[in-house]
Amino acid sequence: MKILLVGASGTIGKAIAAHLEGKHEVVSANHKGGDVQVDLGNLESIKAMLAEVGKVDAIISAAGVAAFGPLAEQSDADYALALENKLMGQVNLVRYGAEYVNDGGSISLTSGVLSRQPFPGTASITMVNGALESFVKAAAMELPQLRINAVAPVFVKETMEMMGMDSSQGVSALDTAKAYIAALEGQMSGETLDVPDYL
């Protein structure tokens, strides 16, 4: 398969690429570097990327930026970032990417466990994760020629360690990537795949 991997240089993206290496043709898309560049928060950038890459068998998004922070301290800009990048950036990968995906192909987006298991300081991230999962359910009904799913990672060990957090309850990036492979190779559509179910 020819797979467009958005966010290929990120912690999860690198792990997905490692699983796909040698089995499929991977086109890497990053904010900087990679085979193509894309700014998820910019619709014209997304359209340009899709036009440059052309037809693919799958799009996997391991990207999307949002900021942690206490509800009372998050700014309008913090909410705009979450909405424009992690939410609408990935929604637009479906809206404009569907025509580039061959029939029977798939689009996999990234939400996160916070959609159902939030904690203080995650309001804007929780909001967009929940919205993405709801969007996937509805969009799948209108695009029967392909499969659309969301993958909901838990905290990734490597990221937790970079942030100085206790990583004992985290899941490694390589294990996290297994859910994305399941979304790519499975038959499900309109679903949210929780990473712990694929370990």
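The values are calculated or read from the model by the stated rules, or taken from the named source; none is laboratory data. If you're wondering where the values come from, they're calculated on a predicted model, not measured in any experiment. Methodologically, a virtual Cβ is constructed for each residue, glycine included, from the backbone with ideal geometry; neighbour enumeration extends over all protein chains shown. Each accessible area value is taken on the protein alone, full model and side chains, heavy atoms only, with ligands, DNA and RNA left out. Shrake-Rupley method; radii C 1.70, N 1.55, O 1.52, S 1.80 Å.
Working note: Karplus 6.51/-1.76/1.60 with θ = phi - 60° gives the range 102-111 the couplings 4, 3, x, x, 8, 10, 10, 10, 10, 9 Hz, where Gly and Pro are set to x. Residues in the range 117-198 average 48 Å² of solvent-accessible surface per residue, probe 1.4 Å, ligands and nucleic acids excluded. Amide H neighbours of Ala8 under 5 Å, at least 5 residues apart or on other chains, H built in the peptide plane: list them. Those qualifying (amide H under 5 Å, at least 5 residues apart or on another chain) are Ala29. Residues whose amide H lies under 5 Å from that of Val26, counting only those 5 or more places away or on a different chain, are Ile3; hydrogens are built 1.01 Å from N in the peptide plane. For the range 1-119, evaluate the Debye formula with one uniform point scatterer on each Cα (no solvent term) and list log10 I(q)/I(0) at q = 0.12 Å⁻¹, rounded to two decimals. One equal scatterer on each Cα of the range 1-119 leads to -0.44.
Placing unit charges on C-beta atoms (Lys and Arg positive, Asp and Glu negative, everything else neutral), compute the dipole magnitude of the chain about its Cα centre in debye, rounded to 20.
Working: 13 positive and 23 negative charges, 44 e Å.
Result for the chain is approximately 200 debye, rounded to the nearest 20.
Please list Ser106, Ser168, Ser75 from largest to smallest accessible area, probe radius 1.4 Å, with all protein chains kept in place.
Working: Ser106 5, Ser168 70, Ser75 50 Å².
Result of the area sort, largest leading: Ser168, Ser75, Ser106.
In summary, the aspartates and glutamates within cross-link reach of Lys55, defined as a Cα separation below 17 angstrom excluding same-chain residues under 8 places away, comprise Glu25, Asp35, Glu99, Asp103. Round to the nearest 10 and give me the degree value, 0 to 90, for the angle of helix 173-185's Cα axis relative to the longest principal axis of the chain. The angle comes out near 40 degrees.
With q set to 0.07, 0.10, 0.12, 0.13 Å⁻¹, the log10 of I(q)/I(0) for the chain, from the Debye formula over equal scatterers at the Cα positions, is -0.18, -0.37, -0.54, -0.64.
Probing with 1.4 Å while keeping every protein chain in the model, the per residue accessible area of the range 62-108 equals 47 Å². Size descriptors for the range 96-161 (Cα atoms only): Rg and Dmax, in that order, 14.0, 42 Å. With N counted as the residues of the range 126-199, its alpha-carbon radius of gyration over 2.2 N^0.38 Å works out to 1.23.
A simple packing score, the average count of other Cβ atoms within 10 Å per residue, orders the peptides 140-147, 25-32 as 25-32, 140-147, with the highest score first. Counting only protein chain heavy atoms and rolling a 1.4 Å probe, the accessible areas of Lys47, Lys86 rank, largest first, as Lys47, Lys86. Counting only protein heavy atoms and a probe of 1.4 Å, the accessible surface of the chain is 54% carbon and sulfur.
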